Amino acid sequence: FKMCPGRVLCKLPCSGEKEVDLAVQSAKAAFKIWSQMSGMERCRVMLEAARIIREQRDEIATMETINNGKSILEARVDIDVSWQCLEYYAGLAGSLAGEHIQLPGGSFGYTRREPLGVCVGIGAWNYPFQIACWKSGPALACGNAMVFKPSPFTPISVVRLAEIFTEAGVPKGLFNVVQGGAATGQLLCQHPDVAKISFTGSVPTGMKIMEMAAKGIKPITLELGGKSPLIIFSDSDLDNAVKGALMANFLTQGEVCCNGTRVFVERKILDTFTKEVVKRTQKIKVGDPLLEDTRMGALINRPHLNRVQGFIKQAKEQGAEVLCGGDLYVPDDPKLKNGFYMRPCVLGNCKDDMTCVKEEIFGPVMAILPFDTEEEVVERANATKFGLAGGVFTRDIQKAHRVVAALKAGMCFINNYNVSPVELPFGGYKSSGFGRENGRAAIEYYSQLKTVCVEMGDVESVF
């Protein structure tokens with residue numbers, strides 16, 4: 001693998017009806033074997049997969065950086081999160097159980113937690129390998145099979161995950177990968193032998209998947225977009241708050257669904273905070289993502305770069321002030337001159353009704369908005385169709401808990417941001433989707449409950 005900015009890395013054929021059916025049937029056959037194994041047996045195989053990922057961490061991270069454009073530093077973190085995810089669900093696999101309920105007269109009932117069958121995972125291009133692990137970890141732990149479709153912009157690293165699962169000892173075909181765009185995704189969602197769909201991506205695509213799933217009465221998990229608020233109170237640790245704002249806006253070139261892109265700053269510290277954020281943003285090193293000191297790599301492709309640039313142009317037309325960045329960046333290395341680079345951008349003089357404040361940009365663009373009171377900022381923070389995440393920086397712990405309780409968002413942070421341990425459920429409210437990735441909560445979305453009622457005496461009949 002090598003960096004090829006602006007050039008085609010590889011070409012893959014899209015999976016059509018025949019390939020999708022083969023993948024689903026193969027997974028269905030593997031499911032019969034995997035679902036009959038004990039939780040502890042599944043645990044051992046998943047631990048082996050986690051071990052292989054951990055052992056090949058640097059190689060997979062390099063592949064992911066070339067796949068996606070993010071810095072190698074971030075890619076390594078993604079791979080660490082990935083093997084930790086498989087370890088976590090391996091640990092849960094042996095503990096999955098129902099319950100026994102005593103009924104009158106010695107009768108009793110019990111529940112069984114059973115797998116769904118063949119699950120479909122559809123991933124996004126910002127965290128290709130990690131999203132595949134977030135979806136396959138709980139799915140496989142519960143005894144399911146999975147057919148996974150990565151984004152056509154990042155097709156490579158998930159294939160390596162499929163190879164690793166096979167090396168670890170899962171039944172052949174248990175985790176299959178199909179390649180393609182919307183047409184392939186539609187074939188997966190409409191396949192009669194698919195039991196569940198888990199999608200990470202945009203709101204419009206999520207709506208279409210929901211419509212298709214409804215026709216087959218298939219359960220779905222949707223992890224969609226966001227326009228999350230980050231609230232900085234004047235009593236916060238300023239240095240920590242600035243670091244939090246950078247983490248909330250510029251990871252993976254700003255291409256993160258839960259980014260805190262609406263940064264509400266209490267007016268009395270607005271100037272001080274803004275000055276420090278701009279100073280540190282200007283120091284972010286943009287360039288070759290494979291270099292150890294690079295902190296921001298390239299955006300995913302030319303159309304997306306143009307879209308982000310369009311948002312910044314529109315923001316200026318609507319009265320926002322570009323305090324730094326927002327322009328295209330051409331690295332000194334001539335090999336990188338065709339890359340999709342831009343300087344991270346901070347927008348000041350923003351208003352709630354501006355397009356850059358209302359719509360998800362999905363690029364390295366931070367909008368700063370002043371506020372005066374707690375009540376006011378909570379109301380403004382919630383005035384959005386999205387509800388994926390939210391953050392609060394303050395030294396007042398009572399205020400912190402009070403504000404996050406009032407935020408209509410599924411993932412909230414206090415004095416940090418964009419920390420997603422696999423132990424904690426992740427997902428949104430409102431148009432940001434429903435269902436949860438990670439934590440014990442994900443088990444609920446990859447299994448179904450069967451109730452058994454056992455009569456120990458004569459049937460009490462009304463006939």
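The values are calculated or read from the model by the stated rules, or taken from the named source; none is laboratory data. Just so it is clear, the model here is predicted, and its values are computed rather than measured. For neighbour counting, all protein chains shown are included, and Cβ atoms are generated from backbone atoms with ideal geometry for every residue, glycine included. Each accessible area value is taken on the protein alone, full model and side chains, heavy atoms only, with ligands, DNA and RNA left out. Shrake-Rupley method; radii C 1.70, N 1.55, O 1.52, S 1.80 Å.
Listed values, structure above:
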| read-out | value |
| --- | --- |
| Mean residue ellipticity (222 nm) of the chain, computed from DSSP H runs ≥ 4 via -39,500 (n - 2.57), nearest 500 | -12500 deg cm²/dmol |
| FRET efficiency, 1/(1 + (r/R0)^6) with R0 25 Å, evaluated for Tyr329 and Arg302 via beta carbons | 0.95 |
| For the range 59-115: Kirkwood Rh in Å [reciprocal of mean 1/r, alpha carbons] | 14.8 Å |
| Euclidean distance of C-alpha centroids, the range 385-400 and the range 191-237, integer Å | 22 Å |
| Degrees between helix 270-282 axis and first principal axis of the chain (Cα, 0 to 90, nearest 10) | 80 degrees |
| C-alpha long axis of helix 302-317 to longest principal axis of the chain, angle in ° | 50 degrees |
| Stretchable slack from Arg51 to Asn382, in nm (0.36 nm times residue separation minus alpha-carbon distance) | 115.0 nm |
| Average accessible surface area per residue within the chain, 1.4 Å rolling probe, Å² | 44 Å² |
| Net lengthening on full extension, Leu12/Val462 (0.36 nm per residue, minus Cα-Cα) | 155.5 nm |
| Rounded tilt (10° steps) of 17-34 against the dominant C-alpha axis of the chain | 60 degrees |
| Pairwise label distance in nanometres, Asp352 with Asp235, each label 7 Å out on the Cα-Cβ vector | 2.4 nm |
| At R0 = 25 Å, FRET efficiency that the Cβ-Cβ distance of Asp21 and Ala214 yields, to 0.05 | 0.70 |
| Neighbourhood net charge (14 Å Cβ-Cβ; Lys/Arg +1, Asp/Glu -1) for Val346 | +3 |
| Carbon and sulfur %, accessible surface of the range 17-225 computed with the full protein complex present, 1.4 Å | 57 percent |
| Heavy-atom accessible surface of the range 229-414: percent carbon and sulfur, 1.4 Å | 50 percent |
| Order of exposure, largest accessible area first, which applies to Val8, Val308 with probe 1.4 Å | Val8, Val308 |
| Ranking by accessible area, most exposed first, for Cys345, Cys412 with a 1.4 Å probe | Cys412, Cys345 |
| GluC sites (Glu not before Pro) restricted to DSSP loop in the range 353-445 with at most 13 other C-beta within 10 Å | Glu423 |
| Overall Cα dimensions of the chain, principal axis frame, Å, largest first | 78, 51, 39 |
| Cβ-based net charge around Tyr110, under 12 Å, with every Lys or Arg adding one and every Asp or Glu removing one | +2 |
| Trypsin sites (Lys or Arg not before Pro) within the range 269-312, DSSP loop, no more than 13 other Cβ atoms inside 10 Å | Lys283, Lys285 |
| Neighbourhood charge, 11 Å Cβ-Cβ cut-off, centred on Gly173 and excluding it, Lys, Arg +1 and Asp, Glu -1 | +3 |
| DSSP-assigned coil residues among trypsin sites (Lys or Arg not before Pro) in the range 328-413, each with at most 14 further Cβ atoms within 10 Å | Lys337, Lys351, Lys385, Arg395 |
| Residue pairs, from the table Lys358/Lys408; Lys172/Lys196; Lys243/Lys275; Lys227/Lys358, whose Cα atoms sit over 18 Å apart | Lys172/Lys196 |
| Relative contact order of the chain, pairs being alpha-carbon contacts under 8 Å that are 6 or more residues apart, as % | 19 percent |
